[in-house]
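Heads up, the thing below is written out as C-alpha cells.
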Amino acid sequence: MNGPIGWFLAGVAVFATVIAVWADDNFSLAIPAAIVAVVSAGLLFVDAFLGRASVDRPLEGHSAARDPGWLRTAFRSGHLGREAIADLLDRLERAGPHPDLPGRRAEETRRLGRMPPDEFREYLRQRLDDLESRS
C-alpha cells in the first residue's frame, strides 16, 4: 500500500463501508456499496501481496543494507562473528565473480572462527583483494 493505488483502494473501501452502514435498510444502496467495499479491500490485499513479492530480497542472514553496524559487531564477536564475515564474503563471491563456489565445510568454518584476530584480518585482506581483482 505504498503507492497511490493502495491509498486509493483503502479510501474506496472505507468510503463504501461507511455508505453501506449508513444505508441501513435501504438494500438497493447498501448491497452495491458493500460489494464495492469488499472488492476494493480484496484488491488492496492483492496489491499488498504483489507489492511484497516484487521487492528484491536482501541476502539471507545479515544485511548491510538494513543494518550497517552488524559488521562492526561481527568483528567484536569472536569466532561466531568471524564465521559470519566469512559467510558474507562467500555470498558476495557467489553473487559476483564465482557463482559456482561450493559451500564451506564445517571444519573449515570452525578453523576460520578460531583464527587469531591478526591472522583473520590477513585472511580477509587476501579474500577481499582476490574478490576485487576478479570483479
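The values are calculated or read from the model by the stated rules, or taken from the named source; none is laboratory data. All values derive from a computational prediction rather than experimental measurement. Every residue, glycine as well, gets a Cβ built from its backbone with ideal geometry; the counts of neighbours run over all protein chains shown.
Which one of 118, 129 is more than 23 Å from the chain's Cα centre (by Cα), under 21 Å from residue 70 (Cα atoms), free of Cβ contacts under 8 Å to residues at least 40 places away in the same chain and exposed (fewer than 11 other Cβ atoms within 10 Å of the Cβ)?
118
Give the residues of the range 1-34 that are part of a helix (DSSP H, G or I), of a type in the set (S, T, N, Q) and either surrounded by fewer than 14 Cβ atoms within 10 Å (Cβ to Cβ) or at pLDDT 95 or above (or both), sorted by residue number.
Matches in the range 1-34: 28 only.
What tally of residues in the range 93-109 results from selecting those that are assigned to a helix (DSSP H, G or I) and farther than 19 Å from residue 73 by Cα?
Total meeting the criteria: 6.
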